[in-house]
Structure formats: structure tokens, C-alpha cells
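Step one of this worksheet: look at the structure below.
The values are calculated or read from the model by the stated rules, or taken from the named source; none is laboratory data. This is a predicted model, so every value here is computed, not measured. Cβ sites come from the backbone with ideal geometry, for glycine too, and all protein chains shown count toward neighbours. Heads up: the accessible areas ignore ligands, DNA and RNA and are worked out on the full protein's heavy atoms, side chains in. Shrake-Rupley method; radii C 1.70, N 1.55, O 1.52, S 1.80 Å.
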Amino acid sequence: MPARAAAVSVHTPVSIHDLKHVSASIPVHTTRQGLLSPAQRTSHSDTRKRLLEATEWLFIEKGYEAMSLRHITARAGANLAAVNYHFGSKEALVQELLSLRLDRLNRERLQLLSACEQQCPEELDADAVLAMLFVPAFRLSHGDASGPAFMRLLGRVYSDPSPFIRGYLQEHYRSISGRFFEAFARALPALPRSELGLRLHFALKALSGMLAGEDMQQLIDSINKGESIDDAELLARLISLISPILTAPFGSPEQIRVIKQVLQLNDTAANATPTAETDDEQHGASVAQHWIHEEHPAP
């Protein structure tokens, strides 16, 4: 067995396209002299690329724990020996995929944060810091190097509950998380740090869940509401959906009063004697069921 190939540089572009299901696997061979011919090197490079592409799509669709090497090799048209040759394990394969996709993104985020801090260190607000997270990701989502699945991949990465994925993010991107947390802390000085952490957790989880379920064009179509808007307005609308999680009152007296009223009404309704539905109520329920099943089918 030849030695494992060196890891692809994070600067190497890997285009992600819709995969064709290849029925025959590509065998790994060497010449008698132990060196690969140009055709064989091309074959090896193509196999490696297909394995990364298959892993990306399956990770987006299933999550880390649900995808297996058998799923990956079947979709890539390769065999288990090819995975062992190029990567060594499922874990190493996913690590390389995440490095290819996230290293450049986070490097650009840090560069943008540093530039903004130098230009206006005292004027950053929460919306500006959120924009520094979104703008590089939005730009890369339109590039050939990242492909149309880039935003869905980000959504899956930050919402996947696997201890392996959580551990990878913690180990490799702790510094960027710390830098942005401090930037949010400066932008929202009245928030206790523990509360800020909780709010950021909910904000990013909400956004990640949305991105994991939709491709970028679907997200754009939802936000622009049929209007012709530029990237700045599109991102401003997206940020306006997330920003209140960071800035809205946290259990204000007015919010507590309203919720108490709803709880009292719930208790009253739960203890009420059931009555037969009127014709109007039955018709309304029928219309609602039709709307749910015909207009908004379950995902």
C-alpha cells in the first residue's frame, strides 16, 4: 500500500457540483516502478475530489452521525480502499472537508473584523458585527470555489449536534469565536457576558437551522419578497431577523404580564367542558387542513 497522499492545501479550490452516480469504482494502482503515471495521477485526483463532494452533500443531507463510509463510497463511485488511501478514516475525510470550506471563510472574517476595529473601534454596534460574520460567507457562497451548497453546509456545521463536529469547531476555531464574542461584548456593553453567550447561542442556532434547510436562492427569494434589491438591502433584512435576539428585552415586566395572562387563559380553556364544534368551526378546520397539506407540505 503506498503512503497516504499529503493533505490538500486549504487554498486549493474544489468545485462542488451535482454528483453523478458512478457505478464502477476506480481502482488504485501503481506502475512496476512504484510511480503513478499521469493518467493514474489524474484518476487519483478525481477520486479524491468525488469523495469530498459526496461527503459534503451527505453531511448536508444527513448530518455527521447518520452518514457512513458506505454511503460516501456509493455516492462517489469509489471503494473503501480509496477512502483509506486518500484520507485514512471518515473522521479525517470530514476534517479535510471542513478545513477546505471553513478556513478561508474564517480567515476573511477575522481580516474584516480587524479592518473595522482599526477604522472605527468605538462605533461598532451589534448589526455591524453580525454583518462581519455574514458578508464573507455571502460573498463566498457566490464563488466557484465554494459552490451553491456553501450556505447549507455552514448551516449544517453550526447546527449538527455530533460531539465530533462540536469538538472540531472548538479545537480549530476557538480563536475566531473569542474575537467575535469580544466584539459583540463591546457592541452590547449593558449585557452580562453570560446572557450575551446565551443570546448568541440562540441567534446562531436559529440562523443555522434556517440555512441547513434551504439553499441560498430559496433564502434570497424568501427575504426579497419578490422585490429587486441589492446585496446590502438583502443582508440588512437578514440581519434584522437575527438582531432582535441579541437586543430585545430579556423577560421584561410587560412580557411577563402578557405570558401570565396567556397561562391563565390556557388553564381556563383546559378545564372547560368540551362542546360540539359548530359548522363554521368544522369548516374552518377542514380549510386549515387543506392549506397545510396542499400549500405547505411537510419537509
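Here are a few things to note about the model shown:
- Cβ-Cβ distances below 7 Å connect the following pairs, each with a first residue in the stretch 208-225 that is closer than 17 Å to TRP57 by Cβ, a second residue that is at pLDDT below 75 and outside any helix (DSSP H, G or I), and a separation of six or more residues or different chains: GLY213/PRO299; ASP215/PRO148; MET216/PRO148.
- Which numbered condition PHE138 misses (of (1) assigned to a helix (DSSP H, G or I); (2) modelled with pLDDT of 90 or more; (3) surrounded by fewer than 20 Cβ atoms within 10 Å (Cβ to Cβ)): (2)
- Selection from the stretch 118-135 of residues that are open to solvent by less than 40 Å² (accessible area, probe 1.4 Å) and modelled with pLDDT of 90 or more: ALA126, ALA128, VAL129, LEU130, ALA131, MET132, LEU133
- Residue in the stretch 236-259 that is at pLDDT 90 or above, over 30 Å from PHE181 (Cα atoms) and open to solvent by less than 90 Å² (accessible area, probe 1.4 Å) present: yes
- Filter result (part of a helix (DSSP H, G or I) and surrounded by 20 or more Cβ atoms within 10 Å (Cβ to Cβ)) within the stretch 61-72: ILE72
- Residue list for the stretch 236-272, filter: assigned to a helix (DSSP H, G or I) and of a type in the set (Gly, Ala, Ser): ALA236, SER240, SER243, ALA269, ALA270
- Subset of the stretch 99-117 that is of a type in the set (Lys, Arg) and over 20 Å from ILE60 (Cβ atoms) - its residue that is least open to solvent (accessible area, probe 1.4 Å): ARG109
- Being in a helix (DSSP H, G or I), open to solvent by 60 Å² or more (accessible area, probe 1.4 Å) and of a type in the set (Gly, Ala, Ser) is a property that SER228 lacks.
- ILE165 being under 17 Å from the mean Cα position of the chain (by Cα) and either closer than 18 Å to VAL135 by Cβ or at pLDDT below 85 (or both): no
- Evaluation of GLU96 against (1) open to solvent by 10 Å² or more (accessible area, probe 1.4 Å); (2) of a type in the set (Asp, Glu); (3) modelled with pLDDT under 95; (4) in contact with a helix residue (DSSP H, G or I) (Cβ under 9 Å, 6 or more places away or on another chain) (one fails), failing number: (3)
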